[in-house]
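Okay, so here's the structure we're looking at.
The values are calculated or read from the model by the stated rules, or taken from the named source; none is laboratory data. It should be emphasised that the depicted structure is a prediction, and the values quoted were computed from it without experimental measurement. Glycine also receives a Cβ, built like all others from the backbone with ideal geometry; neighbour counts cover every protein chain displayed.
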Amino acid sequence: MGKISTGSKLRDINIEIEDASCPLCGSSEETGNHLFTYCLVASRVWLYTAARCRVAPFIVYTFREIDFGAS
């Protein structure tokens, strides 16, 4: 976890950023969990991608479920 340079992660490692909110939807702090599970804009991208690839969309409840072995 923590391999993606989200606004929250950058702030955690003391990199000054003007705004840590999600650049896609602006509704919440940008975290890996938000980006992959809660962001409405990202969710639409995932659904569109699944439809274009002709695969069933999947529901993920936490980023930990799709960590891609990055730990």
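Summary of values
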quantity: Matching residues, segment 1-24, being surrounded by fewer than 17 Cβ atoms within 10 Å (Cβ to Cβ) and part of a helix (DSSP H, G or I); calculated: Leu10, Arg11, Asp12
quantity: Answer residue from segment 25-42, given it is part of a loop (DSSP other than H, G, I, E, B) and either of a type in the set (Phe, Trp, Tyr) or over 10 Å from the mean Cα position of the chain (by Cα) (or both) and is nearest to Asp12 (Cα to Cα) among those; calculated: Ser28
quantity: Cβ pairs under 8 Å, 6+ apart, first in segment 8-25 and more than 17 Å from Ala42 (Cβ to Cβ), second basic (Lys, Arg) and modelled with pLDDT of 90 or more; calculated: Ile17/Arg11
